[in-house]
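The values are calculated or read from the model by the stated rules, or taken from the named source; none is laboratory data. Please read these numbers as outputs of a predicted model, since none were measured by experiment. Because the Cβ atoms are built from the backbone with ideal geometry, glycine has one as well, and the counts that use them run over all protein chains shown.
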Amino acid sequence: MTYCVGLKISDGLVFLSDTRTNAGVDNIARFRKMFTWSVKGQRAIAIVTSGNLSITQGVITRLNQDIQRSQSEDVESIMTAETMFRVAQIVSEKMRLVQDRHSDSLEARGEASSATMLVGGQRRGGRHRLFQVYAAGNFIEATADTPYFQIGEHKYGKPILDRVLTINTPMKDAIKAAMVSMDSTLRSNLSVGMPLDVAIIRGDSMEFATQRRIDADDPNFSEISDRWSEALRNAFQTLPEMTDD
């Protein structure tokens, strides 16, 4: 399994993903779930993935093939699409293509073909947008009422986002919320694991302000984790006692 989260706030976009793939207790591997493309000052796009690895890798491969072909042929790609909505449509079309080709044979053998992707970014002349693409190829967009999406093992990391995140949350706090959300998931689910990948697009920059890997010994992430645990313990001790009436 995996856990990926994408946040859309007024200040920009935050993406965070783990790298663990679990096909059984004795078959745990590490695969990148985050993919990024950018042309400085023109557009920046990030995709994070969850679900059947062969399906998601197939989609990413086809997206990259079209990007390569578009440099010498009249082929539309996510790097030439006129809007971020069209980018989401292209990803959904590739999802349907790969699902139509492989889902029946996978399910006939008892293998799940389900896959989900978060697609976000910004192109010059447009606003930053975030979409969730489903296995069927349909998709929805993040809004001011729901400024984040989660895929994979989402239940452990959801409470902190529901409590603190709004469309107007400052970028520095949104990043912390994503980190705490991931930390909560790491502590409660063994199918989610380090290292992590993080990507940040600040609004109207059309480039990645941050793209980096967070390893298990990362001091900044460890401090966030430790201080969040301490804060929860301290808050717990201040709660009022339950009364009998």
Filtered residues of the range 54-81 (kept if of a type in the set (Asp, Glu) and either touching a Pro at 6+ places or on another chain (Cβ under 8 Å) or in contact (Cβ under 8 Å) with a residue 12 or more places away in the chain (or both)):
66, 76
Filtering the range 110-146 down to residues that are over 20 Å from residue 57 (Cβ atoms) and of a type in the set (D, E, K, R), which residue is surrounded by the fewest Cβ atoms within 10 Å (Cβ to Cβ)?
145
Since residue 113 meets every condition but one in (1) closer than 29 Å to residue 206 by Cα; (2) in contact with a helix residue (DSSP H, G or I) (Cβ under 6 Å, 6 or more places away or on another chain), which condition does it not meet?
(1)
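Out of all the residues in the range 1-14, is one or more surrounded by 23 or more Cβ atoms within 10 Å (Cβ to Cβ), outside any strand (DSSP E or B), out of contact with any His (no Cβ under 9 Å at 6 or more places or on another chain) and at pLDDT below 95? Break it down stepwise before answering.
Of the range 1-14, the ones surrounded by 23 or more Cβ atoms within 10 Å (Cβ to Cβ) are 2-9, 13-14.
Restricting the remaining residues to those that are outside any strand (DSSP E or B) gives 2.
Okay, now just the ones that are also out of contact with any His (no Cβ under 9 Å at 6 or more places or on another chain), so 2.
Subset that is at pLDDT below 95: 2.
Checked the range 1-14: at least one residue is surrounded by 23 or more Cβ atoms within 10 Å (Cβ to Cβ), outside any strand (DSSP E or B), out of contact with any His (no Cβ under 9 Å at 6 or more places or on another chain) and at pLDDT below 95.
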Kindly indicate whether any position in the range 92-114 is of a type in the set (Ser, Thr, Tyr) and closer than 30 Å to residue 217 by Cβ.
no
Do we find that residue 194 is in contact (Cβ under 8 Å) with a residue 60 or more places away in the chain, in a loop (DSSP other than H, G, I, E, B) and among the aliphatic types (A, V, I, L, M) in this structure?
yes
Report every pair of residues separated by at least 6 positions or lying on different chains whose Cβ atoms are under 8 Å apart, first residue within the range 34-53 and closer than 21 Å to residue 213 by Cα, second among the β-branched types (Val, Ile, Thr) and surrounded by fewer than 16 Cβ atoms within 10 Å (Cβ to Cβ).
37/67
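Please find, within the range 199-245, the residue that is nearest to residue 178 (Cα to Cα) out of those that are part of a loop (DSSP other than H, G, I, E, B) and in contact (Cβ under 8 Å) with a residue 24 or more places away in the chain. Outline the logic, then answer.
Filtering the range 199-245 down to residues part of a loop (DSSP other than H, G, I, E, B) leaves 203-207, 215-218, 238-245.
Still in the list and also in contact (Cβ under 8 Å) with a residue 24 or more places away in the chain: 203-207.
Values: 203: 17, 204: 21, 205: 21, 206: 21, 207: 20 Å.
Top of the filtered list is 203.
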Residue 140 under 15 Å from residue 16 (Cα atoms) and among the aliphatic types (A, V, I, L, M)
no
Filtered residue count, the range 190-228, keeping only those that are loosely packed, with under 14 Cβ neighbours inside 10 Å and either farther than 18 Å from residue 16 by Cβ or charged (D, E, K, R) (or both)
9
